[in-house]
Amino acid sequence: MRLIILGAPGVGKGTQAKKIASKFNIAHVSTGDILRTEISSGSMLGKKAEEFVHSGKLVPDEIILAMIKEEFRTDKFKNGFLMDGFPRTLEQAEKFSELLEELDLNLDKVINIVVDEKEIIKRISNRIICGECKKVFKLSDFKEDYDLACDICGSKLTRRKDDTEEVIKNRLEVYKAQTEPLVDFYKKKNLVENIDGLGTENEIFERISAHL
Ligand code: AMP
C-alpha cells in the first residue's frame with residue numbers, strides 16, 4: 001500500500017501515520033522527523049534546514065526533493081509507504097509523481113485529516129514529543145514536570161522549537177498558502193479521502209482504516 005497523509009500542522013498526522021504504518025507494515029516517512037534528527041546531529045543537511053524549521057518556514061524544495069530521492073534509494077519501500085509531511089508544495093507533489101512514475105509505482109490513497117483552526121492551536125500548545133523515538137504526548141496527561149519521560153524508550157520529552165504560538169500561526173499560514181492546494185491536486189487524481197480529525201486517536205484511526 002502506498003499512501004500520503006495530508007492535513008494542517010497539529011491535526012494528528014504523525015500519530016495516525018505511525019499507527020497505519022505499523023498495522024500495514026509499511027515504511028513511515030516523516031520529513032519533519034528526518035529534519036529534526038539531522039538538526040540535532042548537526043549534519044550539513046541539518047545546518048541548512050535549521051533556520052527554516054525553527055521559524056516555521058518550509059525548507060526549500062531542492063533540499064527536500066534530494067532527501068526524498070535518497071530515501072527512495074533504500075529498499076525499505078518494498079512493502080509500501082506512508083508519506084507524512086511530504087509533499088508540501090505543488091512543486092514537491094509534481095516531482096514526487098515523476099519519481100513514482102520512474103519507479104513504476106502508483107499511489108493508492110491520500111488521507112486528508114480535517115480539523116478546525118482553534119482546535120489545532122489548542123492541540124499544538126499541549127503537544128510534547130520524545131526527543132529520541134519521536135512519540136507524541138499530551139502535556140496535560142502529566143502531573144509534574146519531572147514525569148516528562150517517554151513510556152517507550154525512557155528519553156526526555158520536550159516541546160518542539162516550532163510549537164510556540166507565533167511559529168504555529170506562521171506554520172498554519174504556510175500550510176494554507178502552500179500545502180492546502182495539494183488536496184485539489186490529488187482530488188483531480190481521485191485519490192483523496194477526507195477524514196474528520198475530531199475524536200480520540202482510536203476513533204480517528206478506525207475512520208481511516210475503513211478506507212484502506
Ligand atoms: P512537521 O514535523 O511535518 O510539522 O515539519 C516540521 C518542519 O519541517 C516544517 O515546518 C518545515 O520547516 C520542515 N518540513 C518538513 N517537511 C517539509 C517539506 N516536505 N517541505 C518543506 N519543509 C518541510
Got a sec? Which of ILE63, ILE121, ILE39, ILE113 is under 16 Å from the mean Cα position of the chain (by Cα) and within 28 Å of GLU165 (Cβ to Cβ)? ILE113
When the stretch 1-42 is checked residue by residue, the ones that are more than 12 Å from the ligand (Cβ to nearest atom) and crowded, with 22+ Cβ neighbours inside 10 Å are LEU3, GLN16, ALA21
Quick test of your reading of the structure: LYS156 fulfils all but one of (1) on the phi < 0 side of the Ramachandran plot; (2) free of Cβ contacts under 8 Å to residues at least 24 places away in the same chain; (3) surrounded by fewer than 18 Cβ atoms within 10 Å (Cβ to Cβ). Name the failing condition by number. (2)
Picked from the stretch 46-70 (must be within 12 Å of the ligand (Cβ to nearest atom) and acidic (Asp, Glu)), the residue farthest from SER209 (Cα to Cα) is GLU51
When only residues in the stretch 111-129 that are in contact (Cβ under 8 Å) with a residue 40 or more places away in the chain and of a type in the set (A, V, I, L, M) count, which is nearest to SER209 (Cα to Cα)? ILE111
Kindly list the number of the only condition in (1) under 21 Å from ILE168 (Cα atoms); (2) assigned to a helix (DSSP H, G or I); (3) of a type outside the set (S, T, N, Q) that fails for PRO87. (2)
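Filter the stretch 195-212 down to the residues that are in a helix (DSSP H, G or I) and more than 17 Å from LYS109 (Cα to Cα), then identify the one that is modelled with the lowest pLDDT.
GLU201
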How do the pairs read when you match residues in the stretch 83-110 that are without any contact (Cβ under 8 Å) to a residue 60 or more places away in the chain with residues anywhere that are among the charged types (D, E, K, R), using Cβ under 7 Å and keeping only pairs 6 or more apart or on different chains? GLU91/ASP61; GLN92/ASP61; LEU99/LYS69
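Looking at the stretch 47-84 only, could you name the residues that are in a loop (DSSP other than H, G, I, E, B) and of a type in the set (S, T, N, Q)? Before the answer, list the steps.
Taking the stretch 47-84 as the starting set, the residues that turn out to be in a loop (DSSP other than H, G, I, E, B) are 56-60, 74, 78-80.
Of everything in the stretch 47-84, those that are in a loop (DSSP other than H, G, I, E, B) and of a type in the set (S, T, N, Q) turn out to be THR74, ASN79.
For (1) buried (at least 17 other Cβ atoms within 10 Å of the Cβ); (2) polar (S, T, N, Q); (3) farther than 24 Å from ILE26 by Cβ; (4) within 15 Å of the ligand (Cβ to nearest atom), each residue gets a yes or a no:
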residue	(1), (2), (3), (4)
MET44	no, no, yes, no
PHE77	no, no, no, no
GLY85	yes, no, no, yes
LEU100	no, no, no, no
LYS109	yes, no, no, no
Within the stretch 55-67, is there a residue that is among the β-branched types (Val, Ile, Thr), surrounded by 22 or more Cβ atoms within 10 Å (Cβ to Cβ) and at pLDDT 95 or above? yes
Is there a residue in the stretch 30-41 that is over 25 Å from LEU212 (Cα atoms), without any contact (Cβ under 8 Å) to a residue 12 or more places away in the chain and small (Gly, Ala, Ser)? yes
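The values are calculated or read from the model by the stated rules, or taken from the named source; none is laboratory data. All values reported here derive from a predicted model rather than from experimental measurement. Positions of Cβ are generated from backbone atoms using ideal geometry, with glycine treated the same way; all protein chains shown enter the neighbour counts.
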